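Below: the structure, in structure tokens.
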Amino acid sequence: MPTKPAPIKKAAKKEPAKKEEKAPEPAPEPAPAEAAPAEAAPAEAAPAEAAPAEGEAPAAPPAEEAKPPTPPPPADEPTSAPLDLFVEDKNDTSVTIIWSQPEVVGHSGLDGYVIEVCKDGTEDWKVVNEDLQKSCRYIIKNQTTGDRLKIRVVAMNAGGRSPPVALPEAVLVKEVADRPKVRLPRFLRQRYVAQVGAKINLTIPFTGKPKPVVTWTKDGQPLDTKKVNIRSTDRDSILFIRAAEREDSGVYEMCVKVDDFEDKAPLTLQIVELPGPPASMKIVDTWGFNVALEWTAPKDNGNTEITGYTVQKADKKTGEWFTVLDHYHRLNATISDLIMGNTYKFRAFSENKVGVSESAAVTKEEAKILKTGIDYKPPEYKEHDFTEAPKFTTSLTDRATTVGYSTKLLCSVRGSPKPKVIWMKNQMIIGDDPKYRQICVQGICSLEIRKPGNFDGGVYSCKAKNDHGEATVSCKLEVKQAAVADADKK
């Protein structure tokens with residue numbers, strides 16, 4: 001049976017190869033190369049002959065063959081073109097370029113970049129980097145001063161070359177002594193506002209060597225030299241407008257360029273003028289001494305925002321206008337304190353940062369403040385009851401005096417009606433005794449004791465009494481003997 005061993009030998013060649021890698025036991029045997037397959041053949045033949053005996057072994061290989069075939073991997077595609085290529089720096093022998101990686105990289109990734117150059121006027125592109133460039137920055141060295149080079153960058157991956165990205169213009173291999181720079185003054189970094197008819201004379205200095213090329217644009221378009229005059233020197237550029245108009249408003253951009261390097265600075269110019277009057281004005285309502293007004297914003301704001309309104313009134317009798325609201329921000333108002341019987345007209349002016357509008361919006365209607373009958377009813381007041389029982393606001397205080405020296409006792413009392421005041425000594429009414437002088441003025445009560453003697457001491461009381469009650473205060477008076485000199489005693 002010569003046909004059956006043939007496939008067995010082929011299978012035997014594959015299996016021993018795996019066994020030799022995993023178990024290196026037969027390697028040290030010095031047997032000839034022909035012996036190895038001879039031994040391997042019977043080794044595999046035994047299980048091959050045993051397989052029919054079991055009846056299940058032959059079913060295993062067909063199960064493996066039934067697996068669906070693995071689909072082939074998708075074909076690799078190149079990346080999209082790199083982005084934003086421009087010159088970062090240059091000198092007499094080299095040019096430094098930078099760029100951004102492609103937007104679409106693909107499943108196979110990005111291997112690197114190829115930088116190619118050729119002289120301007122030819123299409124002889126040459127690769128300048130020996131190995132793929134990994135970063136997005138490269139210095140093209142060993143160039144000839146004065147050459148103009150076209151430069152492009154290509155991204156590489158397993159799919160091949162991407163579309164190239166190239167510089168828009170050829171690069172002159174020459175060192176820039178001083179890069180151009182616009183030195184925009186601080187007051188021009190914000191919006192520059194001028195009135196209609198004003199002269200605009202703005203000087204913007206710049207630096208750069210050799211002398212930069214200066215260009216101006218307005219809103220992205222070239223300037224109209226009939227309206228705007230530009231004068232440039234080695235150090236600055238002057239924007240001059242003899243009489244500004246509102247059409248001169250816009251964003252001006254100054255650009256200075258030296259070879260492949262440039263700098264730009266924007267300048268916003270706003271030409272403003274007085275606003276127009278409010279579009280309309282009317283009287284909404286009239287009641288009592290009040291008038292409600294409404295008006296609308298002006299159609300022409302003077303190229304700047306409206307900051308307020310001025311409202312005036314005029315009596316029909318005199319025709320003179322008087323301001324009732326100034327710098328008013330709303331579009332409606334109520335005017336009060338008008339005079340009864342008068343007829344009024346109203347007008348409103350618009351205001352912006354330039355000033356007040358030359359004309360005004362006037363109400364077509366008139367507001368008449370009607371006379372109405374007035375019935376005066378005096379308010380009803382409830383009389384306050386001021387009646388009060390006597391009350392001493394200042395009490396008597398104990399006193400001491402000397403024989404022969406007059407003294408005075410004082411107190412104060414209030415009450416309504418005016419209370420009657422009675423002085424007493426030791427609970428006895430003093431009455432009209434000439435030794436005592438009694439005075440009571442506006443509630444201040446006094447009792448003067450004239451030249452008291454040894455028996456005038458004691459307890460003095462003051463009683464105040466009216467229809468609502470009475471009150472009493474007391475004090476003690478001590479009368480001392482005068483000191484006698486020693487000579488008099490002898």
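Has the range 238-248 got at least one residue that is among the aromatic types (Phe, Trp, Tyr), open to solvent by less than 20 Å² (accessible area, probe 1.4 Å) and either touching a residue at least 60 places away in the same chain (Cβ under 8 Å) or under 19 Å from Leu188 (Cβ atoms) (or both)?
Checked against the condition, which is being among the aromatic types (Phe, Trp, Tyr), open to solvent by less than 20 Å² (accessible area, probe 1.4 Å) and either touching a residue at least 60 places away in the same chain (Cβ under 8 Å) or under 19 Å from Leu188 (Cβ atoms) (or both), the range 238-248 yields no hits at all.
For the range 460-473, state whether one or more residues are more than 60 Å from the chain's Cα centre (by Cα), at pLDDT below 90 and in a loop (DSSP other than H, G, I, E, B).
No: the range 460-473 contains no residue that is more than 60 Å from the chain's Cα centre (by Cα), at pLDDT below 90 and in a loop (DSSP other than H, G, I, E, B).
Pick out the one residue from Ser162, Ser135 that is crowded, with 18+ Cβ neighbours inside 10 Å, on the phi < 0 side of the Ramachandran plot and small (Gly, Ala, Ser).
Within the list Ser162, Ser135, the selection yields Ser162.
I want to confirm something. Restricting to the range 445-487 and keeping residues that are touching an Asp or Glu at 6+ places or on another chain (Cβ under 8 Å) and more than 25 Å from Glu388 (Cα to Cα), which single residue is most open to solvent (accessible area, probe 1.4 Å)?
Once the filter is applied, the top-ranked residue is Lys476.
Of the conditions (1) buried (at least 16 other Cβ atoms within 10 Å of the Cβ); (2) under 22 Å from Glu169 (Cβ atoms), Ile204 satisfies every one except a single condition; which number is it?
(2) is the only condition that Ile204 fails.
Among all residue pairs at least 6 apart or on different chains, which show Cβ distances below 8 Å where the first residue, located in the range 429-444, is within 18 Å of Thr407 (Cα to Cα) and the second is modelled with pLDDT under 90 and surrounded by fewer than 16 Cβ atoms within 10 Å (Cβ to Cβ)?
Listed pairs, sorted by first residue: none to list.
Being closer than 16 Å to Ser237 by Cβ and open to solvent by 70 Å² or more (accessible area, probe 1.4 Å) is the filter here, so list the residues in the range 190-201 that pass it.
If the condition is that a residue be closer than 16 Å to Ser237 by Cβ and open to solvent by 70 Å² or more (accessible area, probe 1.4 Å), then Asn201 is the only one that fits.
How many residues are surrounded by 13 or more Cβ atoms within 10 Å (Cβ to Cβ) and either of a type outside the set (Ser, Thr, Tyr) or touching a residue at least 60 places away in the same chain (Cβ under 8 Å) (or both) when one looks only at the range 314-338?
Result for the range 314-338: 10.
Would you mind stating whether Lys181 is free of Cβ contacts under 8 Å to residues at least 40 places away in the same chain, basic (Lys, Arg), open to solvent by 30 Å² or more (accessible area, probe 1.4 Å) and not in a loop (DSSP other than H, G, I, E, B)?
For Lys181, the condition - free of Cβ contacts under 8 Å to residues at least 40 places away in the same chain, basic (Lys, Arg), open to solvent by 30 Å² or more (accessible area, probe 1.4 Å) and not in a loop (DSSP other than H, G, I, E, B) - is not met.
Does the range 162-178 hold any residues that are modelled with pLDDT of 90 or more and part of a strand (DSSP E or B), and which are they?
Val165, Ala166
Checking Lys227 against (1) open to solvent by 60 Å² or more (accessible area, probe 1.4 Å); (2) at pLDDT 90 or above, only one condition comes out false. Which one?
Single failed check for Lys227: (2).
Could you tell me whether any residue of the range 141-157 is in contact with an Asp or Glu (Cβ under 9 Å, 6 or more places away or on another chain) and small (Gly, Ala, Ser)?
There is at least one residue in the range 141-157 that is in contact with an Asp or Glu (Cβ under 9 Å, 6 or more places away or on another chain) and small (Gly, Ala, Ser).
Could you say whether any residue in the range 404-425 is surrounded by 18 or more Cβ atoms within 10 Å (Cβ to Cβ) and under 30 Å from Asn332 (Cα atoms)?
No, the conditions are met nowhere in the range 404-425.
In the range 391-437, which strands (runs of 3 or more DSSP E) lie fully inside it and hold 3 or more residues that are of a type in the set (Lys, Arg) and modelled with pLDDT of 90 or more?
none
State whether one or more residues within the range 271-288 are open to solvent by less than 50 Å² (accessible area, probe 1.4 Å) and farther than 20 Å from Phe346 by Cβ.
Yes, the range 271-288 has at least one match.
Go through the range 99-126 and report how many residues are free of Cβ contacts under 8 Å to residues at least 40 places away in the same chain and either surrounded by 11 or more Cβ atoms within 10 Å (Cβ to Cβ) or among the β-branched types (Val, Ile, Thr) (or both).
Matching residues across the range 99-126 total 9.
State all residues of the range 339-360 that are open to solvent by less than 70 Å² (accessible area, probe 1.4 Å) and in a loop (DSSP other than H, G, I, E, B); if no residue qualifies, say none.
Those that are open to solvent by less than 70 Å² (accessible area, probe 1.4 Å) and in a loop (DSSP other than H, G, I, E, B): Met340, Gly341, Asn342, Val354, Gly355, Ser357, Ser359, Ala360.
Spot the failing condition for Lys435; the list is (1) in contact with a Lys or Arg (Cβ under 6 Å, 6 or more places away or on another chain); (2) of a type in the set (Lys, Arg); (3) open to solvent by 70 Å² or more (accessible area, probe 1.4 Å), and only one is missed.
Result: Lys435 fails condition (3) only.
Could you tell me which numbered condition Glu383 fails, if it satisfies all but one of (1) among the acidic types (Asp, Glu); (2) out of contact with any Ser or Thr (no Cβ under 9 Å at 6 or more places or on another chain); (3) within 30 Å of Ile306 (Cβ to Cβ)?
(3)
The values are calculated or read from the model by the stated rules, or taken from the named source; none is laboratory data. The model shown is predicted, which means the values in this text are computed figures rather than measured ones. So basically every Cβ, Gly included, is an ideal-geometry build from the backbone, and we count neighbours across all protein chains shown. What goes into the accessible areas is simple: the full protein's heavy atoms, side chains included, and nothing from ligands, DNA or RNA. Shrake-Rupley method; radii C 1.70, N 1.55, O 1.52, S 1.80 Å.
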